[in-house]
Every structure is written in structure tokens, then in C-alpha cells.
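A short worksheet on the structure shown next.
The values are calculated or read from the model by the stated rules, or taken from the named source; none is laboratory data. Predicted model only: the values in this text are computed from it and were never measured. As a convention, Cβ positions derive from the backbone with ideal geometry for all residues, glycine included, and neighbour counts pool all protein chains shown.
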Amino acid sequence: MLATTDVHVHLLAHDYYADRAAAVGLAKTATLIAAARAETFSSLLLDNGDFLQGNPLGDHVIAEMSGDEASTSTHPAIRVMNRLRYDAACLGNHEFNYGLDLLERALQGASFPIVCANIARELGDGPLQDALLKPPYALLHLQIACDDGRTLPICVGVVGFAPPQITQWDQKVLNGAVIARGIVEAAAAWVPQLRAAGADLVVALSHSGIGAPDEPVMAENATGALALIPGIDAIIAGHSHLVFPSGSFADLPGVCLADGTLHGVPTVMPGFNGSHLGVIDLRLQHQDGRWRVEGSLAEARPITTDTPDDPDIAAAVHPEHERAVAHARRAIGQSPIAINSFFACIGASAALDVVARAQIAHVAASIAGRPEADLPIVAAVAPFKAGGRGGPLNYTDIPAGEIALRHASDLYIFPNTIAALRLTGAELREWLEISAGIYHQILPGSCDAPLIDPDFPSYNHDRIFGLSAMIDLSQPARYDRHGILRNPAAHRVQSLTYAGQPVDAGQEFILATNSYRAAGSGGYIQADPSRHLDLGRTPIRDLLIRHLASGAIPDQPEAPCFRFRPMPGTSVSFATSPAATAHLDDIADLRPEPLGLDPDGFARFRLHL
């Protein structure tokens with residue numbers, strides 16, 4: 001079994017944000033697919049979701065599909081998957097970002113079944129009675145070459161699952177059109193049905209990360225619990241953009257890295273953007289008319305610098321690629337300063353400042369004349385490109401000078417829409433406490449202690465533009481990375497001010513944010529609907545483009561929204577892009593000292609608190 005996951009429209013090895021070649025893409029993964037197929041008589045190629053959204057190519061294709069003269073061409077992701085002869089795929093959460101109508105249109109032309117057993121238009125009394133959006137499973141029939149020279153038929157059942165949180169994350173575009181069940185609940189009902197329908201083997205396409213087996217019923221990362229469901233012979237995992245088997249999961253219960261199993265079930269998670277090809281080899285025995293798994297080996301095969309593109313795949317995407325590149329290169333304005341995200345997680349970032357100012361300007365114009373127009377407006381923004389699993393090239397780095405449409409996409413990579421909440425000073429303080437969970441607790445006197453918790457996603461690290469605060473790193477995190485209160489007595493956020501004045505707990509603000517965050521994602525406040533301001537559904541990237549075109553970028557960097565409380569004699573280590581070396585003046589107050597490159601290619605710096 002061969003598998004991809006979280007391709008995110010990286011069909012070609014091209015970085016549309018930086019307008020340069022990229023190291024990974026499905027055109028390169030296709031070369032790995034061809035090599036793996038040549039190793040065996042029988043194979044299946046499966047995709048685990050998140051193939052329709054994720055870069056300017058995907059956004060441009062969707063724009064062409066939804067315009068006044070809408071394109072009727074097959075979506076290039078589907079075209080490529082047809083060309084590669086995928087046998088089945090499941091839906092991921094990002095398939096829903098554009099709404100159901102565009103999703104259905106994008107999937108037209110697929111020559112392979114697309115399955116999902118836990119997303120429904122209406123729930124019934126149990127999973128088997130749900131009115132599902134897509135078929136829950138597919139039965140795939142193929143021939144197996146046996147050691148004794150015989151060729152025998154086998155039926156493989158493929159069942160798919162998506163994160164149930166899509167109804168929360170994309171509630172504005174879905175508008176109640178779908179409802180979700182927990183992955184494990186759905187699997188427990190449907191796996192026996194696959195067996196009853198004639199499946200000799202059952203493969204679960206789990207667009208879900210690998211968590212502990214005792215995760216909640218509606219867990220986002222439910223693959224660990226899924227592996228305990230009887231009757232599943234293999235699992236393709238995804239969503240979290242990690243690689244399994246790998247050392248990242250060495251300490252998780254039930255993991256055997258040597259053969260790639262999770263609670264005894266062969267499992268693979270093949271990275272993201274086509275970076276890896278998942279391969280699960282099953283050793284089967286046919287006895288008494290039945291197939292039985294005798295052994296297995298799972299691995300994630302990486303693209304290397306020597307992996308060539310598949311020319312057929314490149315040709316299949318060429319028309320849309322050329323149009324997307326031409327569109328992305330269109331000039332829209334000028335910036336007097338460099339805009340980057342090298343230090344976005346430690347307070348200094350022109351990239352976040354620009355987005356925040358665009359959000360505030362739009363909200364202010366939208367509520368003019370309303371009763372709440374007199375309230376102060378602040379903006380929550382988070383760094384989407386701040387290294388992490390994306391590597392040392394995963395940063396915004398826009399030089400001073402011409403601004404193009406690709407730069408707007410680089411500054412805001414998701415199709416979120418603008419949102420605004422009416423919150424109190426006390427609630428904003430808790431908002432920042434959740435955000436401050438990205439930092440490890442630092443003991444006074446520490447030397448080069450790691451600053452950032454790598455398990456805390458940077459896209460959940462909000463800063464609130466318009467407020468100023470001091471962060472006390474000697475305190476433990478008040479909340480964990482899921483937004484769960486862990487240390488009620490801890491208070492990292494101190495000296496919170498607005499316009500130079502202390503923020504009162506009962507003081508009211510308008511918080512400009514995005515639709516994803518306003519829905520409570522990342523463990524942040526899920527405000528009562530009465531406290532949401534009706535602003536329509538303007539994509540943040542659209543209002544950002546208008547802001548960039550208006551020439552409103554200041555010629556000097558903004559003051560940081562927060563600083564760390566001084567801790568004399570204490571230093572931390574911080575990893576960022578090697579290109580950050582040219583911008584160390586942005587964090588001069590932390591007296592950065594270079595510590596060289598780490599094994600992943602990040603530049604490490606000592607920061608003095």
C-alpha cells in the first residue's frame with residue numbers, strides 16, 4: 001500500500017510565495033510512487049486528504065472555478081491523482097475551507113472513490129443511520145501474486161475519517177450544512193460493515209494525528225485510539241504534518257518504530273506537501289479461502305535532493321501553474337521596510353503588524369456608525385510561517401520595495417474571513433495567557449534554555465496588536481497548548497496596557513480576528529454568538545491586498561506588542577531562519593548571539609533575558 005497525505009496542492013516542486021523552486025511536491029513523489037510500484041505485482045495508491053487547499057495555486061484554481069466565467073476544467077489536483085491512478089482518497093479538514101458547493105465541483109472528474117465515514121449532512125440514531133456527505137467506504141478488488149505462482153483475488157475495504165472539528169473551524173462557510181461524529185465512534189460501527197460486505201482487509205484513511213489512546217470522543221488526533229478498533233489491518237494517518245514511523249513518536253504508548261506499528265497495526269504518516277511516500281508492506285497468507293496478515297513493515301520514504309520530477313505530472317499541471325504564477329507576480333504596492341516573520345514568536349514582526357493593521361482598518365470601517373464604534377479596536381494575529389515543521393525556509397521574507405500578490409498570500413496563507421468579537425480586558429488577558437503557552441518555563445539563571453515548545457503550533461500563538469504586555473517566563477504556563485487551564489495560580493501576562501494605560505478587567509474592546517479563531521479554535525474563547533459582530537464574509541487576504549495597495553505601511557517597524565520580563569543572568573536559545581542574521585537589529589534588546597546551525601538547518605541564537 002502506497003500513500004500520500006496533506007499534499008495541499010503542492011503538485012509541483014515550486015514555492016509560489018517566494019517564486020522559486022521548492023524541495024518537495026507531488027511531481028517528485030510521483031517518482032517515488034513509480035519506483036515503489038515496480039517492486040511488487042500488486043499495490044494500492046491512497047490519499048489521506050487535504051489535497052485541494054494550501055498554496056496560491058490552489059487558491060487561484062478555486063478563484064477560477066467560482067468566477068463569473070467559472071472554469072469547468074477538472075481540478076488539477078484531481079487531474080494529477082487520476083494520472084497517477086489513485087485507488088481511493090478521503091476528505092481532510094481543508095477540503096471544506098471553500099464551502100460545500102466548491103468542494104463538490106472540485107471533486108468532479110475523480111476516477112477514484114472519495115470516502116468519509118464521519119461527516120454527515122444529518123446524523124441518525126447511530127453512525128450507520130447517518131446521511132453521510134460521501135460514501136463511508138470503498139471496496140477495491142485486485143489480484144495478488146502468491147509465492148507458489150498462483151494469482152488470487154483479494155478485496156480491500158478502505159474507510160475514511162476527517163477531523164470532527166471542521167464544523168467548528170469552517171462554520172462560517174459551512175453554515176450548519178454538515179455535522180460530524182467522532183472518528184472512533186464511526187470506525188467502531190463501520191469496520192464490521194466492511195467485513196460483512198466482503199472486505200478481506202480493512203485500511204483506515206485517518207486524516208487525524210496520532211494521539212494517546214484515551215483521547216476524548218471528538219478528538220482531533222484520534223489515530224492512536226483508532227488503532228485499538230478490532231478489524232483494522234492498516235492505517236494511513238495525517239493532518240499533523242509529521243512523519244510516522246519516526247523518533248517523534250518514540251515515547252508514545254503502543255508504538256513500535258522498528259516495524260512501523262501502532263498498537264500492533266501497521267501505520268504510516270507520510271509528512272506533508274508530498275515530502276514522503278508512505279509504504280506499508282503486508283505479508284499475507286491465504287488459507288481456507290481467507291486472507292490473513294502474517295507480518296508487515298511500514299515506512300515513510302522521503303524525497304531527496306536527487307529525486308527528479310515526473311515530467312507527465314509537470315505537464316498535467318502546466319496551464320494552471322503558468323496562470324497562477326503570472327497572477328501571483330502582479331504588483332500591488334510598495335513597502336518602505338522589509339517584512340519578515342523571523343522573530344514573530346518573540347515579539348518583533350512587521351509581517352504580523354501589517355496583517356493586524358489591515359484587520360483593524362477593515363473592522364473600523366465596517367462598524368462606523370454602529371453603537372460599538374466608540375470601543376477601542378485591537379487585533380489578534382498569529383504567525384503562520386515561523387519555521388517549525390515547515391523547516392528553515394518556512395518564513396515570510398519580503399524585502400523592501402515592490403509588493404506583489406504573492407506577498408499577500410505569503411503574509412496570509414489561509415482562506416479565513418474577517419471576524420470581530422466584543423470582549424473584556426479580562427478575556428483579552430486570558431487570550432494572551434493561552435498564547436504565552438508557546439514558551440517553556442525558564443528558571444532564573446538558566447543558560448541557553450530552549451525557549452519555544454515545539455509542540456505548540458505557531459499558528460495558535462496570537463499576539464494582540466494594540467495592547468502591550470510583559471511576559472514572565474519564570475512562571476509556568478497557565479494553559480496548555482490545547483487551551484486547557486493547567487496552572488490557575490500562574491500569570492505570565494503582566495503590565496497589560498492599552499494606549500499607555502492599564503487595561504481594566506471590565507473594559508470593553510473589539511477584537512479583530514479571523515473566522516477560524518472566532519470559532520474557538522486553538523482553545524481560545526468561544527464567545528457567545530451575541531458578542532460576534534456581523535461583518536460579512538470578507539477574506540482576510542482580500543482586505544490585506546487593499547491595505548497593501550493603499551500605501552499604509554509605516555516607514556519604521558512598530559514597537560513590539562510584548563516583551564519578556566527581565567531575568568538578569570539568564571539566557572535562552574531560539575531557532576529561526578539563517579536569513580534572520582541580517583535583521584538582528586529587530587531584537588537588539590535581547591542581545592542575540594549566534595550559536596550556529598542546528599541539524600535541521602535552523603540558525604540558533606542565544607537571547608539574553
Restricting attention to the stretch 486-531, and to residues there that are of a type in the set (S, T, Y) and under 26 Å from Q475 (Cα atoms), which single residue is modelled with the lowest pLDDT? S521
Among (1) touching a strand residue (DSSP E or B) at 6+ places or on another chain (Cβ under 9 Å); (2) assigned to a loop (DSSP other than H, G, I, E, B); (3) crowded, with 18+ Cβ neighbours inside 10 Å, there is one condition D259 misses while meeting the rest; what is its number? (3)
Which condition number does A258 fail, the rest of (1) closer than 25 Å to G224 by Cβ; (2) under 26 Å from the mean Cα position of the chain (by Cα); (3) small (G, A, S) being met? (2)
Near pairs, Cβ below 6 angstrom, 6+ apart or cross-chain, from the stretch 102-119 (within 14 Å of S66 (Cα to Cα)) to any residue that is assigned to a loop (DSSP other than H, G, I, E, B): A106/L52; A106/H75
As an exercise: evaluate K28 against (1) of a type outside the set (D, E); (2) assigned to a loop (DSSP other than H, G, I, E, B); (3) touching a Ser or Thr at 6+ places or on another chain (Cβ under 6 Å) and give the number of the one condition it does not meet. (2)
Being touching a Phe, Trp or Tyr at 6+ places or on another chain (Cβ under 9 Å) and surrounded by fewer than 17 Cβ atoms within 10 Å (Cβ to Cβ), is that true of even one residue in the stretch 70-83? yes
Among residues of the stretch 422-445, those that are β-branched (V, I, T) and either touching a Leu at 6+ places or on another chain (Cβ under 6 Å) or not assigned by TED's automatic domain parsing to the domain that holds V378 (or both), counted: 1
Of the numbered conditions (1) assigned to a helix (DSSP H, G or I); (2) closer than 19 Å to H461 by Cβ; (3) touching a strand residue (DSSP E or B) at 6+ places or on another chain (Cβ under 9 Å), A379 satisfies every one except a single condition; which is it? (1)
Residue that is nearest to M1 (Cα to Cα) [pool: residues in the stretch 137-185 that are over 24 Å from the mean Cα position of the chain (by Cα) and part of a loop (DSSP other than H, G, I, E, B)]: C146
Residue that is surrounded by the most Cβ atoms within 10 Å (Cβ to Cβ) [pool: residues in the stretch 265-286 that are more than 16 Å from S206 (Cβ to Cβ) and of a type in the set (A, V, I, L, M)]: L277
Residues within the stretch 358-378 that are within 13 Å of G466 (Cβ to Cβ), surrounded by 21 or more Cβ atoms within 10 Å (Cβ to Cβ) and of a type outside the set (A, V, I, L, M), tallied: 1
Name the residues in the stretch 470-524 that are of a type in the set (A, V, I, L, M) and more than 28 Å from A358 (Cβ to Cβ), would you? L473, A477, I484, L485, A489, A490, A505
When you look at Y516, is it of a type in the set (S, T, Y) and under 22 Å from the mean Cα position of the chain (by Cα), yes or no? yes
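Looking at A419, A408, A426, can you tell me which residue is more than 19 Å from T576 (Cα to Cα), in a strand (DSSP E or B) and modelled with pLDDT of 95 or more?
On inspection, the qualifying residue turns out to be A419.
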What is the number of the single condition among (1) more than 26 Å from the chain's Cα centre (by Cα); (2) within 30 Å of P76 (Cβ to Cβ) that I337 does not meet? (2)
Under the condition of being of a type in the set (A, V, I, L, M) and without any contact (Cβ under 8 Å) to a residue 40 or more places away in the chain, which residue from the stretch 563-608 is surrounded by the fewest Cβ atoms within 10 Å (Cβ to Cβ)? A588
What number of residues within the stretch 542-577 are farther than 30 Å from V493 by Cα and under 27 Å from the mean Cα position of the chain (by Cα)? 6
Every residue in the stretch 192-217 that is under 28 Å from N97 (Cα atoms) and either modelled with pLDDT of 95 or more or surrounded by 24 or more Cβ atoms within 10 Å (Cβ to Cβ) (or both), please. V203, A204, L205, S206, H207, S208, G209, I210
Does G551 satisfy the criteria of being in the same structural domain as T424 (by TED's automatic domain parsing), in contact (Cβ under 8 Å) with a residue 40 or more places away in the chain and over 18 Å from L411 (Cα atoms)? no
Against the condition among the hydrophobic types (A, V, I, L, M, F, W, C) and either within 15 Å of I377 (Cβ to Cβ) or not assigned by TED's automatic domain parsing to the domain that holds V354 (or both), how does A519 come out, does it pass? no
When the residues of the stretch 492-543 are narrowed to those that are of a type in the set (G, A, S) and assigned to a loop (DSSP other than H, G, I, E, B), which ends up surrounded by the most Cβ atoms within 10 Å (Cβ to Cβ)? A519
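Looking at the stretch 341-354, can you tell me whether even one residue there is more than 24 Å from A386 (Cα to Cα) and either part of a helix (DSSP H, G or I) or of a type in the set (K, R) (or both)?
No, the stretch 341-354 contains no residue that is more than 24 Å from A386 (Cα to Cα) and either part of a helix (DSSP H, G or I) or of a type in the set (K, R) (or both).
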Answer yes or no: is there a residue in the stretch 260-278 that is free of Cβ contacts under 8 Å to residues at least 24 places away in the same chain and assigned by TED's automatic domain parsing to the domain that holds G209. no
Does the stretch 461-472 contain at least one residue that is out of contact with any Leu (no Cβ under 6 Å at 6 or more places or on another chain), of a type in the set (F, W, Y) and under 30 Å from G536 (Cβ atoms)? yes
Candidate set from the stretch 287-301 (those that are in a strand (DSSP E or B) and without any contact (Cβ under 8 Å) to a residue 40 or more places away in the chain); member that is surrounded by the fewest Cβ atoms within 10 Å (Cβ to Cβ): Q287
Residues of the stretch 193-221 satisfying the condition of being acidic (D, E) and out of contact with any Lys or Arg (no Cβ under 9 Å at 6 or more places or on another chain): D214, E215, E220
In the stretch 56-79, what residues are over 24 Å from K134 (Cβ atoms) and part of a loop (DSSP other than H, G, I, E, B)? G67, D68, E69
